[in-house]
1. If you scan the stretch 77-94, which residues turn out to be touching a helix residue (DSSP H, G or I) at 6+ places or on another chain (Cβ under 8 Å) and closer than 22 Å to residue 45 by Cα?
2. Cβ-Cβ under 6 Å, sequence separation 6+ or interchain: first residue in the stretch 34-51 and closer than 13 Å to residue 68 by Cα and in contact (Cβ under 8 Å) with a residue 12 or more places away in the chain, partner of a type in the set (Val, Ile, Thr) and in a loop (DSSP other than H, G, I, E, B). Which pairs?
3. If you take the residues in the stretch 311-331 that are exposed (fewer than 10 other Cβ atoms within 10 Å of the Cβ) and charged (D, E, K, R), which one is modelled with the highest pLDDT?
4. Taking the stretch 229-253 only, how many residues are aliphatic (A, V, I, L, M) and crowded, with 16+ Cβ neighbours inside 10 Å?
5. Give the stretch 211-257 a look and list any residue that's modelled with pLDDT under 90 and of a type in the set (A, V, I, L, M), or say none.
6. Suppose we filter the stretch 13-71 for residues that are open to solvent by 30 Å² or more (accessible area, probe 1.4 Å), in contact with a strand residue (DSSP E or B) (Cβ under 7 Å, 6 or more places away or on another chain) and assigned to a helix (DSSP H, G or I); how many remain?
7. Looking at this structure, is residue 277 open to solvent by 20 Å² or more (accessible area, probe 1.4 Å), of a type in the set (Gly, Ala, Ser), out of contact with any helix residue (DSSP H, G or I) (no Cβ under 6 Å at 6 or more places or on another chain) and part of a helix (DSSP H, G or I)?
8. Going through the stretch 94-116 one residue at a time, which ones are among the aromatic types (Phe, Trp, Tyr) and surrounded by 16 or more Cβ atoms within 10 Å (Cβ to Cβ)?
Amino acid sequence: MTKLVLAIDDDKLVHHIIEEALSHFCKLIHAKNGDDGLRLAEKYHPDIILLDVEMPGISGFEVCEKLKKSRRTADIPVMFLSSKSELSERMRGYNAGASDYVAKPFESDELIARIKVLDAYRQQSRKLTLDVRRAQITAEIAMTDSGDMGRIMRYVGQSYNAHDLTTLSDYFFEFFVPLRLEVAVAFWYHDTQVFLSGNGAMQPIEQELLSKHRDGSRFVDFGRRTIINYPKVSLLIKNMPVDDNAMYGRYKDLLPHILEATNAKIKDMEVSEEALSKVDQIGRVFEELSDQLAGIGGHHSSKVNEFGALVQQIHSLKDRQLTAEQIKALDKLCQHFSFVDDELSIIKFKLSDITEARHQLIESLNKIAKPWGEEEVAAQTDIELF
C-alpha cells in the first residue's frame, strides 16, 4: 500500500529533492510552513511527516510539539530534516516528540530506508496499541473474574471449617449476598433431604421442584428461575438475570464452582461422620474384649498359681506315687501355663494401648469436626482476596 508522506519545509529545493527521491515510493503532500503543515496533517493524517527545523513563523520543534499534543496526529512519526547535526539539536528534536532526525544534505536511499523504518515502527505501535486495548479489556474481565474467584476461595476456606449443615448453609447463603441473588438449597445428606432458604422461608412448591429435578440435568431453566444440580446439593436461583446475557453467562460459569465445593464438603462430612461412628463401634468392641480378657486373664493366673503350688507339693513328697517321667511332664505343663499367662498379660497390655489410641483418634476426629469460632473464619464481607 502506498504511503502518504507530508513534507513541511520553506525551501522549494528541498521539496524538489524529496519529490525526486520519494515519488516512486510514496504519495507526497507539500506544506511551505508550519501552519500549513499542521492544517494538512489534521486533514489528511499522513503516514509519515518530514519536518524542517528552521522555518518562518513557528519552528519545526513547535510544530512537532503541537502534532504530538493533538489526539488525531499524535501517533504520526515525525522525522526532522535539518542542516544542524549537533547532538543538542537532535536532543531537542527528540524532546519535541520526533522519531528520527536526518541531517541535510541526505541521500535518497538513506531517506527511503529511514522512512521504511518509521513506517514499520508505526505499524508495530498500532499493533501494540491494539494489544494494549485488548489487554485492558481482558484485564477488566479478569478483574471481575478474579473478584469472583476471590469470593470462591473465601467460601472454600469457610466451608473447610464448617462441620454441620447449619454452619455450612450460613456460609453458603452469605456468598450470594453480594450477587443479590435470591436462592434456596437442598442438601442431600446421607438418606435425608434438608431444605433451606436464603430468606429463611421456603415454599413447599420450591421443595417439590428441587426434589423432582434432583436427578435431572445439571442446569434446569424455567422462566427467571434456574436449578443447578449436584449429587449432594441442588441450588434454586429465584431471580436469574436471563435478560442480561453477560451476567447470566457469568453466573452459569461461577456458581458450579461453589456447588462443587459444597458437594465435596458434604461428602467429606458424611465420610467423617461414618468414620467417627465406625471408630466408636470398634472402640466399644475392643473395650468389651479387653474387659473379657482381663477377667479370663485374672482367673487363668489364679489357676496357674494353684497348679504351680500343686507341682511343688508333689516334688516335696517323700513317697511319691508318680514316676520321674510324669514329674517331668508336669513341670513342662507348668512352664507352658506360665508362658500362656505371660502372653495373656502382653495381649492385655496391647489392648490397653489400642484403647488409648482409639481415644486419641476420636479426640483428633472430634477436633477436625469441631466448628471454628466466627472470629477465626473470614467472612465474604471482608476484603476480597483479589
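1. Correct list: 77, 78, 79, 80, 81, 93.
2. Pairs found: 41/73; 49/76.
3. 325
4. 5
5. 220, 242, 246, 247, 254
6. Adding up the residues that qualify gives 2.
7. yes
8. Selection gives 101 alone.
The values are calculated or read from the model by the stated rules, or taken from the named source; none is laboratory data. Everything numeric here is computed off the predicted structure, so don't read it as measured data. Quick reminder, even Gly has a Cβ in these numbers, built from the backbone with ideal geometry, and neighbours come from all protein chains shown. Accessible surface areas use protein heavy atoms only, side chains included; no ligands, DNA or RNA. Shrake-Rupley method; radii C 1.70, N 1.55, O 1.52, S 1.80 Å.
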